[in-house]
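Reading through the structure tokens given below for one structure.
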Amino acid sequence: MRTVYVNGDYVPEDQARVSVFDRGFLMADGVYEVTSVLDGKLVDFAGHAARLERSLGELDMASPVTMEDLLEIHRELVRVNGIDEGMVYLQITRGAPADRDFAFPDPAVTPSTLVLFTQSKPGLADNPAARKGMKVISVPDIRWGRRDIKTVQLLYPSMGKMMAKKAGVDDAWMVEDGVVTEGTSNNAYIVKGNTIVTRHLGHEILAGITRAAVLRFAREAQMVVEERAFSVDEAKGADEAFITSATTFVMPVVEIDGVALGGGVPGKVARRLREIYIEESRKAAV
Ligand code: PMP
């Protein structure tokens with residue numbers, strides 16, 4: 001049985017409890033991070049910790065423990081659960097006040113709730129899905145206006161995944177004002193020649209930790225990177241496409257709304273960036 005972390009304690013998963021009054025449960029008033037594990041080590045923990053602090057700050061929340069403590073908790077969970085490849089999920093909510101109330105509780109009276117757990121995912125790096133590539137459909141982006149904050153409010157992304165599933169494909173790219181924002185749980189990219197195009201940062205998308213690393217590696221490999229919006233039509237005419245996220249790394253996209261890209265097989269830029277990303281992540285993991 002898995003060991004999970006809840007508010008200072010390491011407990012068997014079937015004994016892990018939070019209150020029914022927790023604002024994460026009642027109001028999706030919480031933030032999260034997912035850090036992947038390769039060779040039993042954490043990939044880009046510093047990046048995830050920095051984004052967590054930013055998410056908390058934007059919502060006037062504080063972490064109940066320091067980032068150094070969080071690193072130790074991550075490591076301890078990876079160790080006790082024997083994770084070689086997989087991920088660590090972390091969630092901080094605004095805690096459980098005595099009564100349900102829209103107003104934020106006083107943090108001095110209501111401490112935030114901190115939960116972490118691991119998921120083992122053997123084959124994360126050597127993923128057969130990366131050799132096949134994935135298919136996506138486009139769906140309207142009707143999420144709220146602060147997608148740069150990594151909140152646990154994930155209903156619409158879940159609905160997007162279900163729309164994809166119903167359409168017989170793997171994921172959905174969300175479209176707003178005629179341009180692609182991002183995937184349901186990942187950042188979206190197209191490639192034309194030697195140029196990689198991905199949506200510029202702003203309130204409209206989450207600043208992916210994998211995105212930052214992959215763009216850095218792409219520039220180091222002399223590829224041209226354009227951070228700007230692109231339409232679904234432009235994507236359909238691209239040479240290749242891919243997504244990035246902490247748990248999928250770089251994953252080729254081979255079809256958009258039924259239109260095959262690059263002959264329906266993963267493109268060379270996506271494959272190369274995946275290799276570089278995994279290699280560099282293994283080296284830098286802590
Ligand atoms: N956008 C959204 C909406 C996401 O949910 C995620 C994954 N959490 C990402 C982008 C990718 O972020 P990261 O590379 O930090 O996993």
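The values are calculated or read from the model by the stated rules, or taken from the named source; none is laboratory data. Keep in mind that what you see is a predicted model, and the values were worked out from it rather than measured. Cβ: placed from backbone, ideal geometry, glycine included. Neighbour counts: every protein chain shown.
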Inset, instruction - Consider Ser19 carefully, then state whether it is within 12 Å of the ligand (Cβ to nearest atom) and of a type in the set (Gly, Ala, Ser). - result: no
Legend entry - Single residue of Asp44, Asp22, Asp84 found to be under 26 Å from Phe104 (Cα atoms), outside the structural domain of Arg211 (by TED's automatic domain parsing) and of a type in the set (Asp, Glu): Asp22
Inset, instruction - Enumerate the strands (runs of 3 or more DSSP E) found wholly within segment 141-205, keeping only those where 2 or more residues are within 11 Å of the ligand (Cβ to nearest atom) and without any contact (Cβ under 8 Å) to a residue 12 or more places away in the chain. - result: none
Legend entry - Search result, residues across segment 31-62 that are among the hydroxyl-bearing types (Ser, Thr, Tyr) and either surrounded by fewer than 17 Cβ atoms within 10 Å (Cβ to Cβ) or assigned to a helix (DSSP H, G or I) (or both): Ser55
Inset, instruction - Using the structure shown, decide if Val6 is of a type outside the set (Phe, Trp, Tyr) and under 26 Å from Val214 (Cα atoms). - result: no
Inset, instruction - Report the residue count in segment 71-87 for those that are in contact with a Ser or Thr (Cβ under 7 Å, 6 or more places away or on another chain) and away from the ligand (no atom under 12 Å from the Cβ). - result: 7
Legend entry - Count of residues meeting criterion [hydroxyl-bearing (Ser, Thr, Tyr), touching a helix residue (DSSP H, G or I) at 6+ places or on another chain (Cβ under 9 Å) and more than 16 Å from the ligand (Cβ to nearest atom)] in segment 23-66: 1
Legend entry - Scope segment 8-49; condition among the polar types (S, T, N, Q) and over 23 Å from the mean Cα position of the chain (by Cα); matching residues: Gln15, Ser19
Inset, instruction - Report, by residue number, each residue of segment 1-24 that is touching a residue at least 60 places away in the same chain (Cβ under 8 Å) and not in a loop (DSSP other than H, G, I, E, B). - result: Thr3, Val4, Tyr5, Val6, Tyr10, Glu13, Arg23, Gly24
Inset, instruction - For segment 123-137, state whether one or more residues are of a type in the set (Val, Ile, Thr), outside any loop (DSSP other than H, G, I, E, B) and within 29 Å of Asp29 (Cβ to Cβ). - result: no
Inset, instruction - Of the conditions (1) modelled with pLDDT of 95 or more; (2) touching a Phe, Trp or Tyr at 6+ places or on another chain (Cβ under 8 Å); (3) away from the ligand (no atom under 13 Å from the Cβ), Ala98 clears all except one; give me its number. - result: (1)
Legend entry - Count - residues of segment 255-271 that are more than 18 Å from Glu182 (Cβ to Cβ) and either within 21 Å of the chain's Cα centre (by Cα) or crowded, with 23+ Cβ neighbours inside 10 Å (or both): 3
Inset, instruction - State whether one or more residues within segment 128-137 are among the aliphatic types (A, V, I, L, M), away from the ligand (no atom under 15 Å from the Cβ), under 15 Å from Thr247 (Cβ atoms) and surrounded by fewer than 18 Cβ atoms within 10 Å (Cβ to Cβ). - result: yes
Inset, instruction - For residues that are more than 29 Å from Leu38 (Cα to Cα) and assigned to a strand (DSSP E or B), scanning just segment 245-261, find the one that is nearest to the ligand (Cβ to nearest atom). - result: Ile256
